[in-house]
1. How do Asp367, Asp401 rank when sorted from fewest to most other Cβ atoms within 10 Å of their own Cβ?
2. Percentage of Cα-Cα pair distances in segment 312-387 greater than 22 Å, rounded to whole percent?
3. Could the peptides 146-159, 450-463 be put in order, highest first, of the mean number of other beta-carbon atoms found within 10 Å of their residues?
4. What's the exposure ranking of Thr362, Thr331, going from fewest to most Cβ atoms within 10 Å?
5. Pull out the extension gain between Thr185 and Asn403, defined as 0.36 nm times the separation in residues minus the alpha carbon to alpha carbon distance; nm, one decimal.
6. Can you put His168, His324, His400 in order, fewest other beta carbons within 10 Å first?
7. Simple spin-label model, 7 Å along Cα-to-Cβ: Val481 to Glu66 in nm?
8. Only Lys, Arg, Asp and Glu count, each charged at its Cβ (+1, +1, -1, -1), so figure out the dipole size of segment 312-387 about its Cα centre, rounded to 20 debye.
Amino acid sequence: MLTRVKSAVANIMGGIMAGGTNGDNLGISDLPLKFPYMRPEFLGLSPDEIECSADHIARPILILKETNRLPWTTGYAEVINAGKSALNEDQACCEVVALKRRPAPSTPSHTPTTHRRSSLPNGEGLGLRESADSEGLVLHYWGLFDGHAGSGAAVVASRLLHHHIQLHLQEVQDILRNPAVLPPTCFGEEPNHHQHLSPGGAQRALTRAASLRGASGAPGSPSTPAPRFFTEKKVQHESLVIGAIENAFKDMDAQIEREKAVYNISGGCTALAVVHLLGKLYVANAGDSRAIIVRNGEIVPMSTEFTPETERQRLQFLGFMQPHLLGNEFTYLEFPRRVQRKEVGKRMLYRDFTMNGWAYKTIEDDDLKFPLIYGEGKKARVLATIGVTRGLGDHDLKVHDSNIYIKPFLSCCPEVKVYPLTQFEHGADDVLVLATDGLWDVLSNEEVAEAVTCFLGNCDPDDQNRYTMAAQDLVMRARGVLRDRGWRIANDRLGSGDDISVYIIPLLHGNKQT
Ligand code: MG
């Protein structure tokens, strides 16, 4: 076992054991690609430009061309890694998506494929371009995906996750359009959850729910059951959006798992997605990318990173409840260091899933197994294999040279945070910053907030490219410049050798949209 772990650790590249010689898994599978490797569609790069962008020595920073526009004049910049993988394993997507009032008859299931998106990346006021049957709500969407052990899962998720979100939101859009009435607890008439609610059906359900909540019938009247049978949670509209996004992530993950049988979809990816709908921003995160709002120079964190350390108790509890997942080779207990055989019978500090603090226990033979979570900070690993604990894909990822699967410990479920955009006044320099860990590994929230505030403060407020230039500035600060001793940033610190992708989304434009 020890040899196996040593071998695994020796092969770790970018937070995970490499699946191939360069982490891209290209050529390993005979199956066709679901989608070809690409850079974000909105960058509008030619094949030659894509090839040039993969220069690990020059590491050119790619930015949005002036002729290309993203919603809200969103800024974007990216740079490839310093050589840890042949391709840039980050992916990005930005869309304006119209929810259709009625699904097309040919829409049989939750399996979005390559059908053309319902919107264009540069389209403000896209609703005007939609067909007559799609005069539904319009949402804005930004996604960042950080791939590992290949770019396949990140590419697929960047092309399809927003379609899954669209499908789930379409199911509840009639309810969402009526904010004066709480969502009904139950729809009895339309058991097929894929079926779209007609306006009339939704209204009947709303009326029924209001009735169930006691809108008619005096308390204590013969037709009114006792109150104790009548308790009903009040679910808010925003919880329906959160639920839709959560289920979209699960569907995306399930689609990757299904389609791995027929396509080469390599590796896995973290996913950070932002949805703007009805005046609120929903920030969904599964992985170690990060979102912060910078408002009046103040920082509002909008995501939490999911790492072996931050998710220790969930992972330990899973190992405790389902010990077979540990393959009799790992222990769910945590010790401050590896336990040695000569320490059996002695007392050592430990903690389990119930504990934040530490206590002593007598060491037994079982405690000699390799810890489920091992290492600190960016070097922390689950099952000696992976450095993130939420994400999409990775269904066939196993502990090196074993039959122990990582997936049950690696969850596809995001955490969704809500920002009530319309409840705040925003200035032109108030922004939502989204970035992969390549940025946050070397710059703190405070450094990013200060850099963005300072940069935007020196820009012409009417310059449409100011947010892209600010994103470029952030990427430059995190990448640094190549010196004799590698990439260096301010104060001669080591720059980020990872792929770096940054969105800067102005919140003022979001206010205008609502
Ligand atoms: Mg990364």
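1. On the way: Asp367 18, Asp401 12.
Ranking Asp367, Asp401 by Cβ neighbours within 10 Å, fewest first, gives Asp401, Asp367.
2. The answer is 17 percent, as a whole percent.
3. Put in order of decreasing packing, that is 146-159, 450-463.
4. Thr362, Thr331
5. Details: separation 218, 0.36 × 218 = 78.48 nm, distance 4.29 nm.
The Thr185-Asn403 span can extend by a further 74.2 nm.
6. Details: His168 24, His324 8, His400 18.
Starting with the residue having the fewest Cβ neighbours, the order is His324, His400, His168.
7. The two pseudo-label positions are separated by 2.5 nm.
8. Working: 14 positive and 9 negative charges, 69 e Å.
Dipole about the Cα centre, nearest 20: 320 debye.
No lab work stands behind these numbers, since they all come straight from the coordinates. It should be emphasised that the depicted structure is a prediction, and the values quoted were computed from it without experimental measurement. Cβ sites come from the backbone with ideal geometry, for glycine too, and all protein chains shown count toward neighbours.
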